[in-house]
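Following: one structure in structure tokens, then a few remarks.
The values are calculated or read from the model by the stated rules, or taken from the named source; none is laboratory data. Not measured: the values here are computed from a predicted model. Because the Cβ atoms are built from the backbone with ideal geometry, glycine has one as well, and the counts that use them run over all protein chains shown. With ligands, DNA and RNA removed, areas are computed over all heavy atoms of the protein, side chains included. Shrake-Rupley method; radii C 1.70, N 1.55, O 1.52, S 1.80 Å.
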Amino acid sequence: MNIFRLAGDMTHLASVLVLLLKIHTIKSCAGVSLKTQELYALVFATRYLDIVTDFISVYNTVMKLIFLGSSFSIVWYIRRHRVVRRSYDKDQDTFRHYLLMIPCLLLALLVHEKFTFKEVMWTFSLYLEAVAILPQLVLLQRTRNIDNLTGQYIFLLGAYRALYILNWIYRYFTEPHFVHWITWIAGVVQTLLYADFFYYYFESWKNNVRLQLPA
């Protein structure tokens with residue numbers, strides 16, 4: 001554990017709490033992509049298959065449980081909650097997310113560190129997480145107006161991955177033989193997808209105007 005890893009974890013946790021706050025308190029999921037949330041639920045479900053077999057630390061187990069529970073809770077809220085689901089914009093959230101899942105699974109079957117079920121699923125989760133934000137970004141480009149909490153949620157998600165890249169750089173120079181090309185490449189791709197959003201986020205903050213993405 002180092003400061004960059006801890007900051008990344010806390011930023012990721014903060015992003016989830018912000019989204020849950022929006023959904024639970026305001027009783028609205030306006031501007032939130034169900035497709036992206038379903039992809040994240042699948043990411044955590046396939047990444048944490050070892051939660052009942054491998055114990056690393058209390059911190060590790062607690063974080064896994066939080067991300068698993070929160071991701072499925074968000075999907076439930078949007079799909080099933082009698083008030084929240086009314087604010088879901090199904091007509092705009094039309095990204096075909098299975099077009100992301102299938103290539104990621106095929107790539108994981110071809111490019112992995114070890115050909116075992118858990119390892120392939122873990123690799124699949126890395127590839128899928130790298131592109132899971134795409135339905136959300138497409139939805140925001142279609143609706144253009146972004147409320148404050150949704151904007152903060154996406155900013156924190158992007159910041160979490162950027163901090164993890166700093167964590168990898170730090171570990172590369174401080175730990176012998178720390179080389180994980182699959183994780184690194186997937187992380188860089190994921191961070192680059194946020195670049196456009198970051199630009200408009202900082203522009204809106206600098207000019208003190210409402211965040212909007214170009215159509």
Mean separation of Cα contacts under 8 Å, 6 or more apart, over the residue count of the stretch 40-198: relative contact order %: 25
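Roughly how many Å² is the accessible area per residue of the stretch 168-215, as a whole number, for a 1.4 Å probe? The partial results should precede the final answer.
Values: 3440 Å² over 48 residues.
Spelled out: the 1.4 Å probe surface of the stretch 168-215, per residue, equals 72 Å².
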Residue with peak Gaussian network fluctuation, the chain [Cα springs, cutoff 10 Å], from D91, D50, D196: D91
Sorted largest first, extent of the chain alpha carbons per principal axis (Å): 47, 38, 33
All-pairs alpha carbon distance profile, the stretch 1-70, 5 Å steps from 0, percent: 3, 14, 21, 24, 19, 12, 6, 2
At 1.567 mPa s and 4 °C, Stokes diffusion of the stretch 138-215 via Kirkwood alpha-carbon radius, µm² per second: 93
Selected from R171, R47, R161 as most flexible by GNM, with the chain as the system and alpha-carbon contacts under 10 Å: R171
Alpha carbon centroid spacing (whole Å) that separates the stretch 9-38 from the stretch 99-135: 24
Relative contact order (percent, whole number), the stretch 1-82, Cα cutoff 8 Å, 6+ residue spacing: 38
Nearest 10 degrees, 0 to 90: helix 148-174 Cα axis against the chain principal axis: 20
Check: the stretch 75-215 dipole with +1 on Lys, Arg Cβ and -1 on Asp, Glu Cβ, in debye: 580
With Cα atoms, 0 to 90° folded angle of helix 195-207 axis to the chain main axis: 50
Inter-probe distance in nm under a simple model that places probes 7 Å from Cα toward Cβ, at T25 and T53: 4.1
Computed Rg/Rh of the stretch 77-184, alpha carbon atoms with Kirkwood Rh: 1.06
Most mobile listed residue (V84, V58, V18) in the chain, GNM with C-alpha springs under 10 Å: V58
Over 31 Å between alpha carbons, listed pairs K22/K118; K64/K206; K90/K114; K64/K90; K90/K118: K22/K118; K64/K206; K90/K114; K90/K118
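State the percentage of accessible surface on the chain attributable to carbon and sulfur atoms; use a 1.4 Å probe and exclude ligands, DNA and RNA.
Details: 7570 of 11610 Å².
Ligands and nucleic acids excluded, carbon and sulfur give 65 percent.
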